[in-house]
Amino acid sequence: MSHKESTSRTLLVALAVSLVASVFVAGSAVALKPVQIENRLLDKQRSILAIAGLGDDKLSSREVKDLFNSRIKARVVDLETGEYRDDIDPITFDPLKAAKDPKTSAVLKGSEDIALIKRREQFTTVYMVEQDDGQLESLILPIRGYGLWSTLHGFLAVKPDLNTVVGLGFYQHAETPGLGGEVDNPKWKGMWPGKTLFDDSGKPIIKIVKGGVDPSSPDAGHQVDALAGATLTTNGVDNLLQFWLGEQGFGTYLARLRQQGA
């Protein structure tokens, strides 16, 4: 066998192995995609329950699903009008996908985009924790914004007065462990419940402050300690809250709920 033939055969074998491997990887990706989607949904539901004070990481997958389905009601909101869109299925609707579509989102420019998300979807999904009698126990709003290294995706839960924090948490981010990653620290998350979001005029006043909150200050009720050594992540959380609580975010929706008595 000539050297040329040997080289050609080696290349053919390598090509065949590559093709088989590619088919295998592609097939595995397709087969696993439903599982990946299911796991992402489960993580989101677990996060919503935790922020609402209804569950923790010890719940099984079945317990998460059952508790979520029995206590949480999801609805799609038009952020421009503040009205619900009952013609859109909140289970299948993907706000993040909608944010990438020019037909269902708007470009944010300059001072509009303090959360640095570039585009804001027209419709999004909110979650309501309901009591046995159907009364609202808490409202959970999806929030996101850029920190130091990543976009932080999370939820803010508020009481029926639409002004008092029940909980805040992020289910996805890539901030630095021990610094910006401290947004996951239970101690820091424990500072949020009971804080006030708005002043009497409906303007957001919640603020993250450096150096720690002075308990004797009249502003302490709407302030939270900054993350130590993580200025940019702290600023990112502060900015994303101002954005989603303001006119570009849920401002119109919350104003409508207040008029309706929640």
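We did not get these values from a lab; they are worked out from the coordinates using the rules stated. Bear in mind that the values here come from a model prediction, so they are computed numbers and not experimental data. Every residue, glycine as well, gets a Cβ built from its backbone with ideal geometry; the counts of neighbours run over all protein chains shown.
Screening Phe93 with (1) out of contact with any helix residue (DSSP H, G or I) (no Cβ under 7 Å at 6 or more places or on another chain); (2) of a type in the set (Phe, Trp, Tyr); (3) not in a loop (DSSP other than H, G, I, E, B) gives one miss only, at (3). Residue pairs whose Cβ atoms lie under 8 Å apart, sitting 6 or more positions apart in sequence or on different chains, and linking a residue in region 62-84 that is more than 12 Å from Ile48 (Cβ to Cβ) and free of Cβ contacts under 8 Å to residues at least 12 places away in the same chain to a partner that is surrounded by 13 or more Cβ atoms within 10 Å (Cβ to Cβ) and among the basic types (Lys, Arg), are Tyr84/Arg75.
Inclusion of Ser150 among residues that are surrounded by 15 or more Cβ atoms within 10 Å (Cβ to Cβ), in contact with a strand residue (DSSP E or B) (Cβ under 9 Å, 6 or more places away or on another chain), over 22 Å from His173 (Cα atoms) and hydroxyl-bearing (Ser, Thr, Tyr) is not warranted. The residue that is surrounded by the most Cβ atoms within 10 Å (Cβ to Cβ), among those in region 121-147 that are in contact with a strand residue (DSSP E or B) (Cβ under 8 Å, 6 or more places away or on another chain) and assigned to a loop (DSSP other than H, G, I, E, B), is Gln122. Counted as qualifying within region 148-260 are the strands (runs of 3 or more DSSP E) with 3 or more residues that are out of contact with any His (no Cβ under 9 Å at 6 or more places or on another chain) and within 30 Å of Ala106 (Cα to Cα), namely 151-158, 165-172.
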